[in-house]
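Q: Handing you a structure now.
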Amino acid sequence: MATHDTAHSLDAAPFDVGACPSPAYVVDDALLRRNLELLGRVQAESGAKILLALKGFAMWNTFPLVSQYLVGTTASGQDEARLGAETFGGEVHVYSPAFTAPEMDVVLRYADHLSFNSPSQWRHFRETVRAAPRRVSCGLRVNPEHSTGEVALYDPCAPGSRLGTRAIDLSPGDVEGLEGLHFHALCEQNSDALEATLAAFETRFGQYLAGMRWVNFGGGHHITRADYDIERLVRVIRDFKARYPHLEVYLEPGEAIALNTGYLVCSVLDIVDNDGPIAILDTSATAHMPDVLEMPYRPEIIGGAKPGEKTHTYRLGGTTCLAGDVIGDYAFDRPLEIGDRLVFTDMAHYTMVKTTTFNGIRLPAICRIDETSREVRTVKTFGYVDYMQRLS
Ligand SMILES: Cc1ncc(COP(=O)(O)O)c(C=O)c1O
C-alpha cells in the first residue's frame, strides 16, 4: 500500500509506485509474458489456436508482445475488428448478437472468421458476405444449454438467453454454407466446466460437425489461474480433435491473457468520518473498476487486509456522486494519510475496456513495467479533450 514506494503482488518483482501517475493502470510485462508462455504451451500441447478477446483486454501498446504468442484477436464488432487487424495482426474473428448493414461493410474488410448469432442473421448477410472482396469463413454461435456457472448475469445458457441458437431452433438447411460452430458458455471457469459443456455441445450439435471446418470453444477459460487444470484442458481438446480430425479448434479467452498482470495505482485525496474513517480516492469503482459493482467482487490491495485483520480499517470510496461508489472496507497496519498511494491488484482486464468519464472524472493513465529494468513507462494519459469529444 500507500506507505511503500515500491509494490509487488504474488511472486512479481517490485516496481516503483512513485513513478506512476495517479491514478494509473500499470501492466507488468513480465507477468503478461508469464501468462502468454502458459497459453503458448496450451496451444502447442493441445493443437488448439488461441485468440485474444479484445472485449476483455485491448491495451494495444502491449500487442507486439501478445502477438508473439497468440494467433489473433476476436472482436465484438467493427471497431474491435479494426483494432485487431491494425494493431495485432494475425487472424481476426468477429461475433456479435446482431450486425447492422453498415457495420457489416466494415467488418468484412477485416474479418477472417465471422460468427452469426442466428440463422436469420446468416440469411440476411449471406449474399453480402459472398460478394465481399475478401474470403470470410462464416459460422454460427450455438447455445449448448448447459449452465455450469452460478451467476445468471454471466451465463449465456441461462433460460431465455438471446446468445446463440438452440438446437431445437436449428435445422440442417440453416447451416448451409457455414464452416464453423461457436459456443461461449463459461465465465472464469476451470476445464471441468469446459468438458461438461463440450459434451452437451456434441450431444446437441454433433450432427452438424461433419460438414464444418472449425469449432470455437469461446472464452471464460481461466487458464492462467493457479488452480486451473491445464492437463485436463489439453486432454479435452486432444480427445475432441481425435474424434473430429478435420476440425480446427479455437479458444478465445480475454481474462486469462491479462489475469493478475496489472494494477490500479491511486492516491488518498481526503479522509472523512461517518461511523468510521472513509478515505476518498482519486479513482472510482463505477468509472475505473466497474466490475467491482457489477460482478460484484472485492479487489485486493497490496498491504491491505479484511476489516479487523489489521489495526486501521477504512472504507475506500471514489470521487463520483454515486453514493454506492465504494470499493470496500480495508484494514492497514498504519493509519492512512492524505497523499498515500494505494495499489489495487489484478486490474488489467475488464477495466480499461469498460471505463467511463462519468462526472467528468479523468480516465487513469496507462503504464507498463519493463520486464528486465522494472522501469515504469507511461504510454498514455487522458485529459479534458477525451471527455469532451465523447459528448458532442
Ligand atoms: C463471445 C465471447 N467470447 C469470448 C469472451 C471472453 O471471455 P473471458 O474474458 O471471460 O475469457 C466473451 C466474454 O464475454 C464472449 O462473450
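Q: Tell me yes or no: at least one residue of region 143-153 is surrounded by 14 or more Cβ atoms within 10 Å (Cβ to Cβ) and closer than 21 Å to residue 112 by Cβ.
A: No, region 143-153 contains no residue that is surrounded by 14 or more Cβ atoms within 10 Å (Cβ to Cβ) and closer than 21 Å to residue 112 by Cβ.
Q: Where in region 38-144 are the strands (runs of 3 or more DSSP E), entirely inside, with at least 1 residues that are of a type in the set (Asp, Glu) and not assigned by TED's automatic domain parsing to the domain that holds residue 354?
A: 91-95
Q: Also, I was wondering about something else. Of (1) modelled with pLDDT of 95 or more; (2) buried (at least 16 other Cβ atoms within 10 Å of the Cβ); (3) over 22 Å from residue 92 (Cα atoms); (4) within 16 Å of the ligand (Cβ to nearest atom), residue 204 satisfies all except one. Which?
A: (4)
Q: Moving on to the next point. Going by what's in this entry, would residue 89 be described as at pLDDT 95 or above, away from the ligand (no atom under 16 Å from the Cβ) and closer than 18 Å to residue 218 by Cβ?
A: When the stated conditions are applied, residue 89 does not pass them.
Q: With respect to the numbered conditions (1) within 16 Å of the ligand (Cβ to nearest atom); (2) more than 26 Å from the chain's Cα centre (by Cα), which one is the sole condition not fulfilled by residue 276?
A: (1)
Q: For residues that are more than 12 Å from the ligand (Cβ to nearest atom) and under 28 Å from residue 84 (Cα atoms), tally how many sit in region 239-264. Let's see the steps before the verdict.
A: Of region 239-264, the ones more than 12 Å from the ligand (Cβ to nearest atom) are 239-249, 260-264.
Now drop any that are not under 28 Å from residue 84 (Cα atoms), which leaves 241, 246-249, 260-264.
Residues that pass the stated criteria total 10.
Q: Tally up the residues in region 167-189 that are within 16 Å of the ligand (Cβ to nearest atom), farther than 15 Å from residue 138 by Cα and either touching a strand residue (DSSP E or B) at 6+ places or on another chain (Cβ under 8 Å) or modelled with pLDDT under 95 (or both), please.
A: Taking region 167-189 as the starting set, the residues that turn out to be within 16 Å of the ligand (Cβ to nearest atom) are 180-189.
Right, trim to farther than 15 Å from residue 138 by Cα and you get 184-189.
Narrowing the set further to residues that are either touching a strand residue (DSSP E or B) at 6+ places or on another chain (Cβ under 8 Å) or modelled with pLDDT under 95 (or both) leaves 184, 186, 189.
Adding up the residues that qualify gives 3.
Q: Restricting to region 35-83, count the residues that are in contact (Cβ under 8 Å) with a residue 40 or more places away in the chain, polar (S, T, N, Q) and within 16 Å of residue 253 (Cβ to Cβ).
A: Of the residues in that region, 4 qualify.
Q: Just checking, which of 287, 242, 279 is over 17 Å from residue 332 (Cβ atoms), not in a loop (DSSP other than H, G, I, E, B) and not assigned by TED's automatic domain parsing to the domain that holds residue 91?
A: Working: 242 fails: not assigned by TED's automatic domain parsing to the domain that holds residue 91; 279 fails: over 17 Å from residue 332 (Cβ atoms).
Unique residue meeting the criteria: 287.
The values are calculated or read from the model by the stated rules, or taken from the named source; none is laboratory data. Keep in mind it's a predicted model, so treat the numbers as computed, not measured. Note: ideal-geometry Cβ built from the backbone for every residue, glycine included; neighbour counts use all protein chains shown.
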